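Right, one structure below, let's go through it.
Laboratory data are not the source of any read-out in this text; all were calculated from the coordinates shown. Note that the structure is a prediction, hence the values are computed from the model and not measured. Here the Cβ positions follow ideal geometry from the backbone for every residue, glycine too, while neighbour counts run over all protein chains shown.
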Amino acid sequence: MNLLVKRARKHDKSAFVQLMEQEGKSMYKVAKAILKNDEDVADAMQETVLTCWEKIDTLKKEKYFRTWLTRILINNCNAIYRQRAKTSSEDAAVERVFLESGFADVEWENFLNCLEEKYRTVIILYYVQGFKSREIAQILQINENTVRGRLSAARKKLEEQYMGDGGRRRQSECEKKQSFYTAGRRVSYEK
């Protein structure tokens, strides 16, 4: 990968395309965890690819390419999220929620959606993307101890949710949290 990054830094288009193809799935997972909407995810990924191509020469070390790319992606996701939240609060629209196919994916997504975004993002980066806490700290631009604390808190919340009695009270609490934390992230269409 370092060789591809070196070639891409010299504006070798084929090397850059190979890098983006290699990182495409992980970019999608991170963006989907933040944005929840495939159209917004595609926008964030497209903007990230463009930004990376334009600023690849600002990358200081090849070994940090993935961290650098993920940081740009998260910044783009946050910008899109803020823009969508502003737009959805101004519009009186009908809401449609699209579910992905596959029960396990939906169950996993619902399980994670009970967490606040700051915990969900850290969990996705650590367990799904395989970043170390030091790398997550760099990506999110926070202290490494904060990352470890969020991981610990998220694990505890997930364990409580998993070990819970599964009764209606716990389920309704989760649904309330999910609707609160994902408000403004849903796709809205006017009738």
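Annotations for the structure displayed:
- Each label point was placed 7 Å from the Cα along the Cα-to-Cβ direction; for ASN145 and ASP12 their separation is 4.3 nm.
- Under the shape rule built on the C-alpha gyration tensor, where the axes satisfy a ≥ b ≥ c, segment 1-41 is prolate, since a/c reaches at least 1.5 and a/b is greater than b/c.
- Extension gain from ASN2 to GLU21, taking 0.36 nm per residue of separation minus the Cα-Cα distance: 5.4 nm
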